[in-house]
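> Please find one structure pasted underneath; my questions will follow.
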Amino acid sequence: RELRNEVGNDAARFFYVLRKCEQHMDFDLDLAKSQSSDNPVYYVQYAHARICSVLGQLSERNMPQPDAANASLELLTEDHEKEIMNQLLRYQEVLESAAINHEPHQIAYFLRDLANAFHTYYNAHQFLIEEEELRNARLLLIQAARQVLESGLDLLGVSAPESM
C-alpha cells in the first residue's frame, strides 16, 4: 500500500507485471516516479496521450475525420508505418500466448514495443499534412495503435490518459 501511495497504482501495476512470476524483482522507486521515456509505464501512456493529441489537433484545424471505408492504406509504405502494422498484427497472438501461459508480462513487453514504434514514427513523420489520402491513412494507423494501447493497458489495470 505504501508503495502504491508513493508511485501510483499505474506504475506499481505495470512494474509488477513487467516481471515473470519466477523472476526476482528489484523495484526502482525513482524510475517508477519519473516522467521520462526510461519509465516504461509513462512511455506507453505517453504514446496513447500523443495519439489523442494528434486526433484533437485534427478537430482544431477543422480537418475531417478519416473514413476507414475509403482509406488508401496502400500509401503506408514507410518503414515506420510497416513496423507499427506488424506490431498491431501480433496483438491477438500476444494476448493468446499471455493467457494460455499465464504470462501477463508478454502484454507489457508488447505495449512497450508498440509505444517505441509509435514514438519513432511520431518523431520521423507528420500526420496532419495537406495530402488528404496519406493523412487519412496515417491517422487510421495511429487510431488503431491507440485502440490497442488502450486495450492492453486496460487488461493490465493501467489507465490510458488522453493527455499528460
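The values are calculated or read from the model by the stated rules, or taken from the named source; none is laboratory data. Since this is a predicted model, take the numbers as computed values, not measurements. Cβ coordinates were reconstructed from backbone atoms using ideal geometry, including for glycine residues, and neighbour counts include every protein chain displayed. Note: areas computed on protein heavy atoms with side chains; ligands, DNA, RNA excluded. Shrake-Rupley method; radii C 1.70, N 1.55, O 1.52, S 1.80 Å.
> Find out how many positive minus negative residues lie around Ala71, taking Lys and Arg as positive, Asp and Glu as negative, among other residues whose Cβ is under 12 Å from that of Ala71. It would help to have the intermediate numbers written out before the result.
Details: positive: Arg135, Arg138; negative: Asp67, Glu74, Glu132, Glu133.
Neighbour charge sum, excluding Ala71 itself: -2.
> Of Met85, Met164, which has the most accessible area with a 1.4 Å probe, and how do the rest follow in descending order? Before the final figure, lay out the partial values.
Values: Met85 60, Met164 105 Å².
I get Met164, Met85, largest accessible area first.
> Here is a follow-up. Compute the Rg to Rh ratio over the stretch 56-122 from the alpha carbon atoms, using the Kirkwood formula for Rh, and round to two decimal places. Spell out each step's value before the answer.
Details: Rg = 15.4 Å, Rh = 14.1 Å.
Taking Rg over the Kirkwood Rh, I get 1.09.
> Then there is this: Among Asn86, Asn123, Asn39, which one shows the highest mean-square fluctuation when the chain is modelled as a Gaussian network with alpha-carbon springs under 10 Å?
Largest GNM mean-square fluctuation: Asn123.
> May I ask you to evaluate 6.51 cos²θ - 1.76 cosθ + 1.60, the Karplus curve with θ = phi - 60°, for each residue of the stretch 122-137 and list the ³J(HN,Hα) values in order in whole Hz, giving x for glycine and proline?
Couplings: 4, 6, 9, 9, 9, 9, 8, 9, 6, 5, 4, 5, 5, 4, 4, 4 Hz.
> OK, next. Leaving out ligands and nucleic acids, note down the accessible area per residue over the stretch 5-131 with a 1.4 angstrom probe, in whole Å².
58 Å²
> Next question. Let's see if you can work this out: charge +1 on each Lys and Arg Cβ, -1 on each Asp and Glu Cβ, no other charges. What is the dipole magnitude of the chain about its Cα centre, in debye to the nearest 20?
On the way: 14 positive and 26 negative charges, 82 e Å.
Dipole magnitude for the chain comes out near 400 debye.
> At a 1.4 Å probe radius, carbon and sulfur cover how many percent of the accessible area of the chain?
On the way: 4040 of 9370 Å².
For the chain, the apolar C and S fraction of the accessible surface comes to 43 percent.
> Run the quick spin-label model on Glu132 and Ser159: label points 7 Å from Cα toward the beta carbon, then report their separation in nm to one decimal.
The answer from the label model is 3.8 nm.
> May I pose another question? So what's the net charge close to Leu156: Lys and Arg +1, Asp and Glu -1, counting the other residues with Cβ under 15 Å from its Cβ? Show your work: numbers first, answer last.
On the way: positive: Arg4, Arg13, Arg19, Lys20, Arg112; negative: Asp10, Glu103, Asp113, Glu150, Asp154.
Result for the local shell: 0.
> Please list the radius of gyration and Dmax for the stretch 43-164, considering alpha-carbon atoms only, with Å as the unit.
Considering the stretch 43-164 through its Cα atoms, Rg and Dmax are 14.6, 47 Å.
> With the crude spin-label approximation of a point 7 Å out along Cα→Cβ, what separation in nm comes out for Asn70 versus Glu93?
It works out to 3.5 nm between the two label points.
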